[in-house]
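Participant: Take this structure first; my questions come after.
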Amino acid sequence: MGIERHHTPRLLLRGGLVIDTAPHPIAHPHTDVLVEEGRIAAVGPDLPVDDTDTGLEVIDARTMVVLPGFVDTHRHLWQGVLRSAAVDESLDRYLHRILGDLGARYTPAEVYTGNLLGALECLDSGVTTVQDFSHVQHTPEHTAAAVEALTEAGIRAVFGYGYPVFDEAARQADWVRKARTDHFPSREALVTMALAPVGPSFTPPEAVREDWLLARELALPLAVHVQAGPVAQRPIAALQEQGLLTAGTLYVHGNSLPDSELRLIAESGGAVAITPAIEASMRFGAPMAGRLRRAGITTGLGADAVTSAPGDMFSQMRAALMSSHFDGDAASGTSTIKAADVLRMATAEGAAALGLGDEVGSLEIGKRADLILLRADALNLAPVTHDPIGAVVTAAHPGNVDTVLVDGRPVKRNGRLLYADLGGVLAEAHRAAERLGASGSRASSQSSSQSSAWSSS
């Protein structure tokens, strides 16, 4: 099962339109990328390599756009089997139905299926790194299933251990310690760990202090949803007052926070993950990209919840860019955010927000070879030469993703995901959706027949 493990020690991407994202996005036509032992070894035109070397695989990238893999800084992968189950619902309804009702009935097997489906969706659409904010840890078995699925998929991931919002009995520090010991023995692995507590906006100060001290004890980074209230109207200031304002913390959303809170995030060395599609559909507040840029805060993008929004990074980049047009200089008619800024958020800045900026997110020599190749000759991209960066942000879609590498290893080639049992995963996803009763009676009937079809495929 799993991704077909084709690991080539040396791989040459020949003659592509290469977009690097550091220190700022720039396009280089007719450029090669050499990968050796999972790392970027060289980038440049006509690299001097021996094409007759039997240890070298050459990919013709002359009709491709080559760029770093996308980094999704905030997604609840376990919800993969609940796709589009809450498209027209409010935040309150989402919380009680998806987290409180359906999430409470998740078995470890359904966590595994949701995570695997979600991770494969990421890879298929060019997301090579994902922060899995997994607030469904009802038992240690749920945790084991989630981590196993991430490993099985072959994606680079930061597993955010989160307590279920409506299950106080699952708030067990010893379970977190067990997860740290059992599943994350090496920081060099593709899948690493963070702590994703409920946080100061929603829990009392004493619980917040326990969680932040636990993260310090286990040397785990923190990821946390923040807004103004209902418990702390100024959650970042509340952390500062308790001596808990920690560098490297990833704050999620924050649309309702005043500028004074953003200044504290910037001064403390924190980062923010925004999910513009979800934030708009659930009315979290005004768009954040421009405010964060002006505050000097490292910003990443995320899909958040496929229950209610698209799961690909192209959609998130467009949502961030288009919504930022309402946050510009009205007098000059200019926007604070440009297409290049959004591409950086989806790559280099996202990697930095997750503490992985030294490893992925750009084409710097020595970084891990997490790369994607887009078909530049597709009707929706050609001719890509006018503004390749603008084209990737505004015109590309998951169907353009031809090849995906994670750690130098192909996980998608020639438009085909290299996972050995996609039919089995899809069948399990349909069965999980049917058992959970996430859809109406008519949709449930369709799900049942589709599940049978996938089982026989």
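Participant: Mind checking which residues of the range 359-411 are closer than 25 Å to Ile155 by Cβ and of a type in the set (Asp, Glu)?
Facilitator: The answer is Glu359, Glu364, Asp370, Asp402, Asp407.
Participant: Would it be correct to say that Ile3 is at pLDDT 95 or above and either of a type in the set (Val, Ile, Thr) or open to solvent by 80 Å² or more (accessible area, probe 1.4 Å) (or both)?
Facilitator: Here the answer is no, as Ile3 does not meet what is asked.
Participant: Please verify whether the range 119-142 includes one or more residues that are in a helix (DSSP H, G or I), farther than 23 Å from Ala170 by Cα and open to solvent by 30 Å² or more (accessible area, probe 1.4 Å).
Facilitator: The answer is yes; a qualifying residue exists.
Participant: Condition (residue is hydrophobic (A, V, I, L, M, F, W, C), assigned to a strand (DSSP E or B) and under 20 Å from Thr113 (Cβ atoms)) applied to the range 163-180: is it met by at least one residue?
Facilitator: There is no residue in the range 163-180 that is hydrophobic (A, V, I, L, M, F, W, C), assigned to a strand (DSSP E or B) and under 20 Å from Thr113 (Cβ atoms).
Participant: Let me ask you something else. Of the residues Asp387, Asp402, Asp407, which single one is surrounded by fewer than 22 Cβ atoms within 10 Å (Cβ to Cβ) and over 18 Å from the mean Cα position of the chain (by Cα)?
Facilitator: Among Asp387, Asp402, Asp407, only Asp387 is surrounded by fewer than 22 Cβ atoms within 10 Å (Cβ to Cβ) and over 18 Å from the mean Cα position of the chain (by Cα).
Participant: Which condition from (1) in contact with a Pro (Cβ under 6 Å, 6 or more places away or on another chain); (2) surrounded by fewer than 24 Cβ atoms within 10 Å (Cβ to Cβ) is the one that Ala382 breaks?
Facilitator: Condition not satisfied by Ala382: (1).
Participant: To continue, here is another question. Just to be sure I understand, how many residues within the range 148-162 are open to solvent by less than 10 Å² (accessible area, probe 1.4 Å) and part of a helix (DSSP H, G or I)?
Facilitator: Counting residues in the range 148-162 that are open to solvent by less than 10 Å² (accessible area, probe 1.4 Å) and part of a helix (DSSP H, G or I) gives 3.
Participant: If we keep just the residues of the range 414-423 that are open to solvent by 20 Å² or more (accessible area, probe 1.4 Å) and touching a residue at least 60 places away in the same chain (Cβ under 8 Å), which is nearest to Arg39 (Cα to Cα)?
Facilitator: Among them, the one singled out is Ala420.
Participant: Limited to the range 65-95, what total is found for residues that are open to solvent by 20 Å² or more (accessible area, probe 1.4 Å), part of a helix (DSSP H, G or I) and either in contact (Cβ under 8 Å) with a residue 40 or more places away in the chain or within 23 Å of Val158 (Cβ to Cβ) (or both)?
Facilitator: Qualifying residue count for the region: 2.
Participant: What pairs can you find where one residue is in the range 383-396 and farther than 20 Å from Gly69 by Cβ, the other is of a type in the set (A, V, I, L, M), and their Cβ atoms are less than 8 Å apart, with a gap of 6+ or different chains?
Facilitator: Every condition considered, the pairs that remain are Thr385/Leu17; Asp387/Ala339.
The values are calculated or read from the model by the stated rules, or taken from the named source; none is laboratory data. Since the model is a prediction, treat every value here as computed from it, not as a measurement. Cβ: placed from backbone, ideal geometry, glycine included. Neighbour counts: every protein chain shown. Accessible surface areas use protein heavy atoms only, side chains included; no ligands, DNA or RNA. Shrake-Rupley method; radii C 1.70, N 1.55, O 1.52, S 1.80 Å.
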